[in-house]
1. Checking D:Ala326 against (1) closer than 27 Å to D:Ser169 by Cβ; (2) touching a residue at least 60 places away in the same chain (Cβ under 8 Å); (3) outside any loop (DSSP other than H, G, I, E, B); (4) within 14 Å of another protein chain (Cβ to nearest Cβ), which test does it fail?
2. So, in the stretch D:275-292, how many residues would count as being part of a strand (DSSP E or B), surrounded by 21 or more Cβ atoms within 10 Å (Cβ to Cβ) and out of contact with any helix residue (DSSP H, G or I) (no Cβ under 6 Å at 6 or more places or on another chain)?
3. Of all residues being more than 12 Å from the chain's Cα centre (by Cα) and in a strand (DSSP E or B) in the stretch D:421-451, which is farthest from ligand 3 (Cβ to nearest atom)? Just the residue, please.
4. Among the listed residues B:Val297, B:Val302, B:Val271, identify the single one that is more than 14 Å from chain A (Cβ to nearest Cβ) and within 15 Å of the chain's Cα centre (by Cα).
5. For the list (1) under 24 Å from D:Glu145 (Cβ atoms); (2) of a type outside the set (Lys, Arg); (3) surrounded by fewer than 23 Cβ atoms within 10 Å (Cβ to Cβ), I need the number of the one condition that D:Phe85 fails.
6. Return the residues of the stretch D:10-52 that are near ligand 1 (Cβ under 7 Å from one of its atoms), within 14 Å of another protein chain (Cβ to nearest Cβ) and surrounded by 23 or more Cβ atoms within 10 Å (Cβ to Cβ); say none if nothing qualifies.
7. Note down all Cβ pairs under 6 Å where the first residue falls in the stretch D:371-400 and is within 14 Å of another protein chain (Cβ to nearest Cβ), the second is within 16 Å of ligand 2 (Cβ to nearest atom), and they're at least six residues apart or on different chains.
8. Tell me whether the stretch B:53-66 contains one or more residues that are closer than 23 Å to A:Gly70 by Cβ and in contact (Cβ under 8 Å) with a residue 24 or more places away in the chain.
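The values are calculated or read from the model by the stated rules, or taken from the named source; none is laboratory data. Everything quoted here is computed from the prediction, not taken from an experiment. Here the Cβ positions follow ideal geometry from the backbone for every residue, glycine too, while neighbour counts run over all protein chains shown.
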Amino acid sequence: MLRDYLKNNRREVLAIAFFLLAFVAYLSTHPRGVSTYVLTIWANQATVLALVAMAQFFAVVVRGLDLSVGAVMALSNTLASHVVTGSGGEVAGGSILVLAVATGCGLINGAIIVYGRIQPIVATLATGSVFTGIALLLRPTPGGDIDATLADAMTYDVAGVPTALILLGGILLAIHIPFRRTGLGVAMYAIGSNEAGAVQSGVRVDATRLTAYAAAGLFAGLAGSFVGYVTFSGDANIGPSYTLNSLAAVVLGGVLLRGGAGTLLGAVVGAFILRTISALMFFSGLPPLAQPFFEGLILAIAIALGGADVFRLRNKLEVLER
Amino acid sequence: ETYRPECFAPEPGTSTIQYDAKDGPYKLAFVNGFAGNDWRVQAIQSAKAWAARPENAGKIEEFKVVSVGNDATAQIAAIDNFIAAGYDGITFIAVNPTAFKGVISRAKRAGTVLVPFDNILDTDQVVQVNESQFALEGAKVDGVLDALKAAGKEPKKILEVRGLPGNSTDRDRSIAVHNALEPLGVEIVTVVGNWDTGTSQKVVADALATHGEFDGVISQHGTAGTINALLAAGHPTIPIGGDGENGVRLLMKEHGIPGVSAVYAPAMSAVALEAAVALLEGNELPQSVHLPIPTAVTADFVDGENMFTSLPKSFNLGVGYPECFEVFTPEELMGQSPDNQ
Amino acid sequence: MMGFAKRHADPLIPLIGCVLLIGFGALFFPKFLTATYLLQQVQIAAFLGVIATGAMVVILLGQIDLSIPWTLGGAAIISTAMAASGHTALEVLAIPAGLGFGLLVGVINGVGVAVFRIPAMVWTLSVNAMLLGLAVINTGGFNPKGEASGLMIAVATKTTLGIPNAALLWLAYGAGVLWLFRRTTFGRALFAIGNSEKASFLSGVNTTRVIFAAFALAGFSSALGGLLLAGYANQAYQSMGDPYLLPAIAAVVIGGTSILGGRGSYAGTVAGTLFVTLLTSVLSVFQIDPAWRQILFGAIIVAMLLTQRRRIM
Amino acid sequence: MSAFVAMKGVSKLYGATKALTGVDFACEPGQIHAVLGENGAGKSTLMKLMSGVIQPTEGVIELNGTPVTLPSPRAAQAAGIVCMFQELSLAADLSVGENILLGAPGTGWGFLPRGRLARARKLLDRIGGEAIALGARIEALTLGERQQVEIVKALMRAPKLLILDEATSALTSTIVDKVFDVLRELKAQGVAILFISHRFHEVEAIADRVSVFRSGQHIDSFAAGSRSQAQIIDLMIGQPMDELFPPRNAGDIGDEVLKVEGLRLPGGFEDINLTARHGEIVGIGGLDGQGQGKFLQALFGIMKGVQGRIEVNGVPRSITSPRDAASAGIAFVPEDRKTEGLIPNMSIGENLQLSALSRFRGGLIGRGNGIDPAAYDALIAELELKFAGLDAPVSSLSGGNQQKVALIKWLALAPDCLLLLDPTRGIDVKTKAQIYRLMRRLSAQGMAVVLLSTDYDELVNLCDRVLVFYNGQIARSLSGDALTPEAVVAASMGVADAA
Ligand SMILES: Nc1ncnc2c1ncn2[C@@H]1O[C@H](COP(=O)(O)OP(=O)(O)OP(=O)(O)O)[C@@H](O)[C@H]1O
Ligand SMILES: Nc1ncnc2c1ncn2[C@@H]1O[C@H](COP(=O)(O)OP(=O)(O)OP(=O)(O)O)[C@@H](O)[C@H]1O
Ligand SMILES: [Mg+2]
Ligand SMILES: [Mg+2]
């Protein structure tokens, strides 16, 4: 049972191990040591990236890619800074509006990819530019406000457990666990693994792919909202770094960019790894001007470790499938 | 009368801030955002140079610098981490001027002094150190207008080269230019140079090729590119209000281009630390400190003093504020190699 | 025959786009039609064109190179530093060293992709991050005075018989790449691998070496672009490469090269480069608000890709 | 009895190629209907039309007498038409169970009816797939096992019309028999079955009715057994055909070309010795996954960690990559032509040139290889390649013609030793005969030919010597009179029969 899991998810397991290693290293270098405050700090920024990584996962699993996740984040973040304020009702309505718009962006991506038959990379590169532009219209410069009650509820802790982690845990329970048991989930994996086969098997390929990109939009929207909770404001320029990091995250988490393999949990772990690597810098005692290099170096090593997996393979043809 | 007004000059109409004195030595941190450009690297160097000076070293128990990239959440996390680790003073270049409400309150609770500089916050809760973006760009405009007057010319058509879109610094500087020139009925052509020499050079070249000749140029940053474009186009020499990069002054000097080079000085990172320490020692400071803007007109450029043929063109000449402390020598800055921190 | 038709239709749509842009611009600024402006665009396009050439080679493999920005910047920093060092030996080696740096980065990219089988998109991303780190260390540590060499300046900014040298260099470089594509083992293998690495491998193609060579060529192109830009701005500075990554990729795909690899024509990339350059210029000259600039840029690219699709299907 | 699905004057054009022209065709419930024809005759096209993968250019499809359009496989399956495609429809990253449930009628986006898997298990066991775990990933299965899963997947969809397009091409005779039992059962339940195969003994064993297609046209339909094999073949190829298997070499077996000593791959195969001489065709048999495939791949430098000694023409060679193998004069025609042998969306011409790349001189920047184009033309002529033009994509060729391209691209290099993995799978008799004749000629001219096959017919009748693999080792080496179908089958089951 467990051995099967280890066998079928070795990349994911490797990622988890690497994360735990880095995380322990981080906590042990932290002068304050383990405490709710330190965990919450870490959890808040890790959650943002984890949500974007989830967004990226949905695009990748159907053998796609979404280079607009960052832009959708920016758009939903700037929109939130306008509408997620006021009375409780207004806040709730605003939050929903934000997620609806983000999902809409995902659907637009999906439509262009599915019906326009444009490669995901380029399609989302272009739509990303458009979404960023709209975000800039909403917030030419960073500003606005987010309802403090909601923001604090999201970014502090419940009984010593960071709310952010509870949120992530909830999402994983609700989606990761049942995903592989539902027609939708299996259909997404099948499309990523063998699209022609999926068609022949009677999978509604177009609808499924649209759903995947909509999900990507939705999670990017959640990420954008969460940035709002942390920063109490909207900023149109947050996109680019998150887009690229989301890719690094899913790969670190053992999700194969060729589609059809990997899990939501892996994506989250990948995001955790990335964030912990940066956090390690705080008290690493490395020379400040050398930190960016070491951050890149550790990232490269982490990625290479995942790649080193191929040296196990006896059959060079299997190697080529990576 | 606040502490050392000659250095910590108040922005007109600003309030003052004072905390209970704390015993040193202090744990200080500088949380930078993006590291990948020369200005930021120099800001880090200045901070470390300041901390290395004997008169300051004694007051400091620990000094950390981190760069977190263009991500407000990461910067907030970094600051929180230092607060959690019991640091006394934290300076930072804000990635986003409105993102730090939560941090400020947490810092208050923990008794940590925050001093934002360069990209400052839209808040009156903490002491902020900066050059006034309005004054900075205003100085450039004045320099250009003076040069035009000296040449007995009327400003009719001015080229404005803006910076990176989507942040308040770029916005404020542009507003300053328009406020100063529009009343004079000047036609302003605006291009976006992203504070980047190469980009400025391209967009200015295009502007010259399509809009024809100008009477003067105001460039936020990357002015060297702007000048290159003018020279390449064989445009008649016109006054320029440009940034404080070494290369800009070298070019203006070499080609006898009139105008002013106003420095947005990376050394303000050191002043911010100075302010943090002053506050920890219980001194009263203006909530918004406006540093004197180091400017120089072409005629006053002197090699080895405010212009260095021996240094890189991308070197920012803001090596210090004499009103605050003895300016850093380039060697002092360069001496801060990552190996001997 | 079909292949032939395709190859020659690739550049068509971007070229039509160029004509439309110039025509539109000329309505408001007659100067758009002057040789000065047009040659200037060709000169500026040359920088992007050289970089896009490298991007295309990697994209033909079905990969992508995100290390362009700091490969470009690093090469520029190295060359300008050596050119201004004052030692004749170093000055002579300035340009080769910069280009060599590009090759080296390319080979490092190749190792990750060909040996570790890491998706280029992520591996080159982390390589780029490391290069940024090195540049920061360099600027903080030694940061020698930089100066573009006379040759770099001459190639980047001067003209021959009225034609910008940069454009001539681009022409020559493109011709060389075209020869590689059409006439050499490398070229044939590149397209084959882009279509099916497995089948190519089983046909006895030395796929590893081809991938290495492709990334090396890409790194070289980025470095060459970096030297041109250093010559153009007569200096090197950090993050000078950032404005070239996405435009380079856009130029390649607008030119009809399949992002999946294995299909594309160099003529298309050239046309795509000209189009992207003109579009950027027009948006700038018309003083379009940055927000709208982003929106228009994205919308126009989608439109172009949709038309490209129609043609291919 | 009335037809379940009927086609009236159906045509399908791919640009210029007429895949099908004016076809009238019907299949009835409770009947197993074999469809025969050369490669490119249009069989798969017909099936794809019935199962909603493609739409007819002309004509109508009737379901129980009423015209229908089948926009998608999903729609066809809803109507009870289930097809087991020549190109498998399995997702390699998913488990057997997930694949079986994937997109099945009645399943939506909600939770999958895992209850059905119990029945899938039974079916798998019935067709000899006891070894296939429902939890196993497809990528871990052999081609044969995948076909078994594909069959179960089709059966699970409760078809009214079941289409098997070369569904048994990679299955060994014992398993095929088990599949046939199941088919007969379905027939008894009134299911209509369409059966495509290039193996006559299979058709004879199962078909009630036979239809013959030639170059896109429906030539004739008749009750099985009402025509002799020879007559049927004549119908298929439109002219009388000479002997399927060419006569063996008169004897002059020459000196060793390929010599393998103590080759072993941990976890793959143990201590394999093999010699292939001038003028002989060495057959390699055995059930799926007994190590024979890995062995040939190892010879071609695809496997890592191979130990042992390989000599070509007396020269010891260390072969660590296909490139080494190629320069050692070894050629390799892989099992899966679509993804390994060829590059489907590149042109025929480019595909032919592919192997030549391994011979380019001067490394990456070299140009021009030693091969003159005439070599290609000759082979194209000899194998009668059916193609529109060298610029047409290989994907536009039918299975058989694709295989010819995969052969020619290597033969043009005039290798010393030719390794073939099931080269005639899904290949019609005429093409088979051409390939057999070619192999004979080549071996007579001094090329060592090693042929891995799942079709004992060709092992017995074509090869001079057959090595049968059983769990990683050579169970028996059969030749001369000992080389009989019974012996091959017995050996491949590990049975040491008296002989
Ligand atoms: N996608 C396609 N594009 C162009 N031509 C095609 C395509 N698919 C099939 N054809 C052509 O249609 C004809 C019939 O092909 P089909 O696959 O039906 O033959 P087949 O009888 O199944 O052959 P085989 O026994 O090899 O499977 C062939 O000439 C083939 O070249
Ligand atoms: N990874 C690589 N990157 C760039 N160039 C390469 C690479 N590998 C080989 N080359 C170039 O290819 C040329 C030939 O290399 P090599 O001698 O290995 O050819 P070869 O494999 O022997 O080909 P042949 O066997 O046909 O002669 C050399 O000039 C070498 O510089
Ligand atoms: Mg067929
Ligand atoms: Mg060699």
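1. Failed condition: (1).
2. In the first step, residues of the stretch D:275-292 are kept if they are part of a strand (DSSP E or B); the result is D:275-277, D:281-285.
Subset that is surrounded by 21 or more Cβ atoms within 10 Å (Cβ to Cβ): D:276, D:281-285.
Right, trim to out of contact with any helix residue (DSSP H, G or I) (no Cβ under 6 Å at 6 or more places or on another chain) and you get D:276, D:282.
The number of residues fulfilling the criteria is 2.
3. Just the residues of the stretch D:421-451 that are more than 12 Å from the chain's Cα centre (by Cα), to begin with: D:429-431, D:433-451.
Still in the running and in a strand (DSSP E or B): D:448-451.
Working: D:Ala448: 31, D:Val449: 26, D:Val450: 27, D:Leu451: 22 Å.
Here the answer is D:Ala448.
4. Details: B:Val297 fails: within 15 Å of the chain's Cα centre (by Cα); B:Val302 fails: within 15 Å of the chain's Cα centre (by Cα).
Exactly one of B:Val297, B:Val302, B:Val271 is more than 14 Å from chain A (Cβ to nearest Cβ) and within 15 Å of the chain's Cα centre (by Cα), namely B:Val271.
5. Of everything listed in (1) under 24 Å from D:Glu145 (Cβ atoms); (2) of a type outside the set (Lys, Arg); (3) surrounded by fewer than 23 Cβ atoms within 10 Å (Cβ to Cβ), D:Phe85 misses just condition (3).
6. D:Ser44
7. Close Cβ pairs (under 6 Å, with a partner that is within 16 Å of ligand 2 (Cβ to nearest atom)) amount to D:Ile371/D:Ala356.
8. The initial filter retains those residues of the stretch B:53-66 that are closer than 23 Å to A:Gly70 by Cβ, namely B:66.
From what's left, in contact (Cβ under 8 Å) with a residue 24 or more places away in the chain: B:66.
Checking the stretch B:53-66: at least one residue is closer than 23 Å to A:Gly70 by Cβ and in contact (Cβ under 8 Å) with a residue 24 or more places away in the chain.
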